[in-house]
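The values are calculated or read from the model by the stated rules, or taken from the named source; none is laboratory data. Keep in mind the model is a prediction, meaning the values are calculated, not measured. Because the Cβ atoms are built from the backbone with ideal geometry, glycine has one as well, and the counts that use them run over all protein chains shown.
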Amino acid sequence: MKFLAAVMVVLGVSTLLAQAPVAPSSQEQASRPSFTEWLEGVRTEAESRGIRREVVEEALANVEEPMPVVLERDRAQAESVLSIESYLSRQITSRRVRTGREMTARYATTLDEVSKAYGVPVRIISGIWGMESNFGRFSGVRPTVAALATLAWDPRRANYFRGELFNALEILNRGDIDLARLKGSWAGAMGQPQFMPSSYLQFAQDFDGDGKRDIWTTPGDVFASIANYLKGHGWAKGQTWGREVSISKEDASRIAGTIERRAGSCQATRNMTVALPLSKWQSLGVRSSGGGALPKTETQASLVSGTTRHFLVYSNYDALLEYNCAHAYALSVALLGERIAAAPASTASPKKPAPRRPPPAAPKPHRP
């Protein structure tokens, strides 16, 4: 589940690609086969992979040409970049928190069962569910096979999407979902967790035991698939993701100039420090969000900084980056989940003493 390194203004799925789009050269355009010819090659290879002919024919029957809207979306990914602070303020809204509390309460029993089975807190599952599909309210309407065929034929990332196209055909071959319901984002991410087909095959779960891994409409399967993905990427039971901290401008500047950055395959991991014990961060001037001392433990943590907000993140945070490698996304998941889990502040006004009853007065004339 890779996400565009530069975070976009509108983000609801984690299927956007890690590379900026590159227009195909004229030579590439001239050398590639027509879409119809290319599809014949897909049919042949799919059958050689063991996918039943009737499944292949049904899936590709109405795929006659590339989808222009998919290519347009693919070419226009990185239009606007937000700071962490701006992104958080746009994503963690009162409305989203309120919806999250309502939906988490509705499925509390199932969420608790999934959390116990996989060792992932309810609040983290809820945070991802909210970020990916607005708590199941929208998970995409594009036909997955047609979208993936379009992107697999296009030369920009043909090999990657060709593999995902065969994975989608394999999902149909296994009978987990029928073709009419196999829909998702323009880039092929599916269901409420927004899994690419390869992630579905590896991590999707049949939590209700009906023989199908339904990440589209079955809540238990959705929650268990999210939790299994995180567990499979190293989420450790009983540990948290991290904490917000406070740092003076002077200390933040000194840390930025002296503490090494991590290595990594995505930009987000390169935009955080190496892990140091909390005691070391304390000595460097890092304090709790309220200004107090950090816990007196040797827990290892890396520093993630925005423009004005700072976070010490633990090893579980890496699992969130595996879902979508952008700090704005991972922090939104964690903080949204915490807001959902927190008891809502009381909106009741403090009771005022009853006013003293005035002495009887002469009746006033009626006024319409």
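For Glu113, indicate whether it is closer than 29 Å to Arg174 by Cα and at pLDDT 95 or above. Taking the combined requirement at face value, the residue satisfies it.
The set of residues from the range 297-317 being buried (at least 21 other Cβ atoms within 10 Å of the Cβ) and in contact with a Gly (Cβ under 7 Å, 6 or more places away or on another chain) comprises Ala301, Phe311, Leu312, Val313, Tyr317. In the set (1) out of contact with any Ser or Thr (no Cβ under 8 Å at 6 or more places or on another chain); (2) at pLDDT below 95, the condition left unmet by Thr297 is number (1).
For the range 139-197, a residue qualifies if it is out of contact with any Lys or Arg (no Cβ under 8 Å at 6 or more places or on another chain) and charged (D, E, K, R), and the qualifying residues are Asp154, Arg156, Arg157, Arg162, Glu164, Arg174, Asp178, Arg181. Can you find a residue that is in contact with a His (Cβ under 8 Å, 6 or more places away or on another chain), closer than 28 Å to Ser115 by Cα, of a type in the set (Val, Ile, Thr) and outside any helix (DSSP H, G or I) anywhere in the range 276-290? Checking the range 276-290: not a single residue is in contact with a His (Cβ under 8 Å, 6 or more places away or on another chain), closer than 28 Å to Ser115 by Cα, of a type in the set (Val, Ile, Thr) and outside any helix (DSSP H, G or I). Residues that are surrounded by 24 or more Cβ atoms within 10 Å (Cβ to Cβ) and outside any helix (DSSP H, G or I) were ranked within the range 321-335; the one that is nearest to the chain's Cα centre (by Cα) is Asn324.
The single condition among (1) closer than 22 Å to Met103 by Cα; (2) surrounded by fewer than 22 Cβ atoms within 10 Å (Cβ to Cβ) that Ala204 does not satisfy is (2). Can we say Trp281 is in contact (Cβ under 8 Å) with a residue 60 or more places away in the chain and out of contact with any Asp or Glu (no Cβ under 6 Å at 6 or more places or on another chain)? The answer is no for Trp281. Each residue in the range 100-143 was checked for being buried (at least 20 other Cβ atoms within 10 Å of the Cβ) and acidic (Asp, Glu), and 1 pass. Among the residues in the range 151-167, are any in contact with a helix residue (DSSP H, G or I) (Cβ under 6 Å, 6 or more places away or on another chain), crowded, with 23+ Cβ neighbours inside 10 Å, closer than 16 Å to Val222 by Cβ and not acidic (Asp, Glu)? No, the range 151-167 contains no residue that is in contact with a helix residue (DSSP H, G or I) (Cβ under 6 Å, 6 or more places away or on another chain), crowded, with 23+ Cβ neighbours inside 10 Å, closer than 16 Å to Val222 by Cβ and not acidic (Asp, Glu).
Collect the residues in the range 41-84 that are in contact with a Ser or Thr (Cβ under 6 Å, 6 or more places away or on another chain) and either surrounded by fewer than 17 Cβ atoms within 10 Å (Cβ to Cβ) or of a type in the set (A, V, I, L, M, F, W, C) (or both), keeping them in residue-number order.
Passing the criteria: Met67, Val70, Ser83.
Please go through the range 299-315 and give me each residue that is in a loop (DSSP other than H, G, I, E, B) and under 23 Å from Val120 (Cα atoms), ordered by number. Thr299, Tyr314, Ser315 - these are the residues of the range 299-315 that are in a loop (DSSP other than H, G, I, E, B) and under 23 Å from Val120 (Cα atoms).
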